[in-house]
Amino acid sequence: MDMNTIEAVVRTEDPAEWRDGDAWLAGGTVLFSYGSFAFGREPLRRLLDLGAAGWPAVTVTDSGVELAATCTVAEMYALPESDALGEWAAAWPALDLVRPCCDSFVASFKVWNMSTVGGNLCTSLPAGPMISLCAALDAEATVLGPGGARRTVPVTEFVTGDGKNCLAPGELLRGLHLPASALAARVAFRRLSLSNMGRSGVLLIGRLDAGGTLVLTVTAATKRPVQLRFPAPTGDAQSGASTSAAALVEALDAAIPTELYHDDIHGLPAWRKDMTYRLAEEIRAELEAPAGVPPARVSGDFWPPRRTSPLRNIQQRNTQHPASSQVSPQQEGA
């Protein structure tokens, strides 16, 4: 952590307090690692600390789930078994996505207890798993600005590129709304990495809504989230997705130009593209089958969902037996 230019830490959640040289501080897991020059050539002078904001991490209502931007990954991971869900626990099968997405951080419990959902979105990296989760569930972000300004932005539009988003100087991500309609959908998840338990190189989530619409969200492989929608045939009640493999390929060709595939040490664009098509077809096939039929093929890790985190199991085992660090085939990321 190299932040020797900081002159003050101000506890506030009011955008009116923001001025040039400021940065919003939530968990700080990324900000502290980036240092004083996190946002360009001009050093940071103040940190606006959201730690005392007191926003409820998770609020459940009939309309869905409200997440505070300061909700930690650990709090997010606990959501599927939270008593606050009540009757909605069984009615919202898309909650199965929460733990695979949290596990996709491949981070320690120390990071999980500090890192925030909002921070992951604002960092706006292609591999941000909270971006994947929220984009796939049609989440809307509430953004606060100076002078009492307030606006909502779909998460699919919030992230605009690698490390880029729609926030203007001084704006603050307040929270996220996950709608009940998306939470009630059948879902499928696929993730690939070039190394065991490595950073996501490709992460796709499929959703089959009540009306038969298939929604496919591509993240990690691309510089920003890309979402495709395939409406069900008119007047045809479907128990599964009705999109053909050929239609899926055609839609991916049209939606993702070659230059939109991400290129870094975690995967070349050509590999990310090939794996996007492969995982998309697996998701289509899984959601095309009747509910309850297990998928014929699952590439990657963290799916189907487990009651306990495979990452946490590995961490616990390595703590107890430091010499053993083997990863099981089911947990391989490639």
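Whole-Hz ³J(HN,Hα) for each residue in the range 146-160, computed from phi via Karplus 6.51 cos²θ - 1.76 cosθ + 1.60 with θ = phi - 60°, x for glycine and proline: what do you get?
Result, rounded to whole Hz: x, x, x, 5, 8, 8, 10, 9, x, 4, 5, 10, 5, 8, 10.
Only residues of the range 148-174 count here: report those whose backbone N is under 12 Å from the spot 7 Å along Cα→Cβ of Ala210, or say none.
none
Accessible area per residue of the range 94-134 at 1.4 Å probe, in Å²?
25
Using amide H atoms built 1.01 Å from N in the peptide plane, name the residues 5+ places from Ala38, or on other chains, whose amide H lies under 5 Å from its own.
Placed amide hydrogens put Leu44 under 5 Å from Ala38.
Let me cross-check Val60: its accessible surface, 1.4 Å probe, with only protein heavy atoms counted, in Å² to the nearest 10?
For Val60, solvent-accessible area is about 40 Å².
Under the 0.36 nm per residue contour assumption, what length would be gained going from the current alpha-carbon distance of Thr61 and Thr308 to full extension?
Values: separation 247, 0.36 × 247 = 88.92 nm, distance 2.57 nm.
Residue separation times 0.36 nm, minus the Cα-Cα distance, leaves 86.4 nm.
Of the accessible area of the chain, with the probe set at 1.4 angstrom, what percent is carbon plus sulfur?
That share works out to 52 percent.
Give me the accessible area per residue for the range 173-276, probe 1.4 Å, as a whole number in Å².
Dividing the accessible area of the range 173-276 by its residue count gives 39 Å².
In sequence order, what are the phi-derived ³J(HN,Hα) couplings for the range 128-138 according to the Karplus relation 6.51 cos²θ - 1.76 cosθ + 1.60 with θ = phi - 60°, rounded to whole Hz, with x for glycine and proline?
Result, rounded to whole Hz: x, x, 6, 5, 4, 4, 5, 5, 5, 9, 6.
Scan around Ala139 for amide H atoms under 5 Å from its own, H built in the peptide plane at 1.01 Å from N, and keep only partners 5 or more places away or cross-chain.
The list, which skips near neighbours in sequence, is Val155.
Which whole-number percent is the relative contact order of the chain (Cα, under 8 Å, 6+ apart)?
That works out to 15 percent.
Please report, to one decimal in angstroms, the Kirkwood hydrodynamic radius of the chain built from all distinct Cα-Cα pairs. Don't skip to the answer; put the middle values down first.
Numbers: mean 1/r = 0.0485 Å⁻¹.
By the Kirkwood definition, the hydrodynamic radius is 20.6 Å.
Could you put Lys273, Lys164 in order of accessible surface area, largest first, with the 1.4 Å probe and the full protein assembly present?
In descending accessible area the options line up as Lys164, Lys273.
What does the accessible area per residue of the range 9-60 come to in Å², with a 1.4 Å probe and no ligands, DNA or RNA counted?
The answer is 55 Å² per residue.
Top to bottom by accessible area (1.4 Å), largest first, where do Tyr277, Tyr34, Tyr261 land? Could you put the intermediate results ahead of the total?
Working: Tyr277 45, Tyr34 115, Tyr261 5 Å².
Result of the area sort, largest leading: Tyr34, Tyr277, Tyr261.
Taking θ = phi - 60°, what integer Hz values does the Karplus form 6.51 cos²θ - 1.76 cosθ + 1.60 yield along the range 49-62, in sequence order, with x for Gly and Pro?
7, 8, x, 9, 5, x, 6, x, 4, 9, 10, 9, 9, 4
For Cα pairs less than 8 Å apart in space and 6+ apart in sequence, what is the mean separation divided by the residue count of the range 229-303, i.e. the relative contact order in percent?
36
Using 14 Å as the cut-off for backbone N distance, which residues of the range 18-56 belong to the label zone defined by a point 7 Å from the Cα of Val10 along Cα→Cβ?
18-25, 45-50
Residues of the range 179-204 with the amide nitrogen closer than 20 Å to a label point 7 Å from the Cα of Ala296, along Cα-to-Cβ, please.
Backbone N within reach: 187-191.
With the chain treated as a Gaussian network of Cα nodes joined by springs under 10 Å, which of Thr116, Thr72, Thr61 yields the largest mean-square fluctuation?
Maximum among the listed residues: Thr61.
Could you calculate the contour length gain from Ala289 to Ala245, that is, 0.36 nm times the residue separation minus the distance between their Cα atoms, to one decimal place in nm?
Gain on extension, Ala289 to Ala245, equals 14.5 nm.
Leaving ligands, DNA and RNA out of it, work out the accessible area of Cys166 with a 1.4 Å probe and give it in Å² to the nearest 10.
Approximately 40 Å² for this residue.
Using just the Cα positions, wrap the range 26-134 in a convex hull and report its mean projected area in square nanometres, one decimal place. Could the numbers behind the result be given before it?
Numbers: hull surface 30.3 nm².
Result: a mean projected hull area of 7.6 nm².
Quick check on the range 84-180: take the gyration tensor over C-alpha atoms, sort the square-rooted eigenvalues as a ≥ b ≥ c, and tell me if it's rounded (a/c under 1.5), prolate or oblate.
Oblate, because a/c is 1.5 or more while a/b does not exceed b/c.
As I understand it, the dipole of the chain uses +1 on the Cβ of Lys and Arg and -1 on the Cβ of Asp and Glu, about the Cα centre. Which of Cys122, Ala38, Val215 lies farthest toward its positive end?
Ala38
Any idea of Ile205's accessible area? Nearest 10 Å², probe 1.4 Å.
My reading of the accessible area for Ile205 is about 0 Å².
Using Cα pairs closer than 8 Å and at least 6 residues apart in sequence, work out the relative contact order for the range 55-214, in percent.
Relative contact order comes out at 26 percent.
The values are calculated or read from the model by the stated rules, or taken from the named source; none is laboratory data. Just so it is clear, the model here is predicted, and its values are computed rather than measured. No Cβ is skipped: glycine too gets one built from the backbone with ideal geometry, and neighbour counts run over all protein chains shown. The protein model used for the area step is the full one, side chains on, heavy atoms only, and it has no ligands, DNA or RNA in it. Shrake-Rupley method; radii C 1.70, N 1.55, O 1.52, S 1.80 Å.
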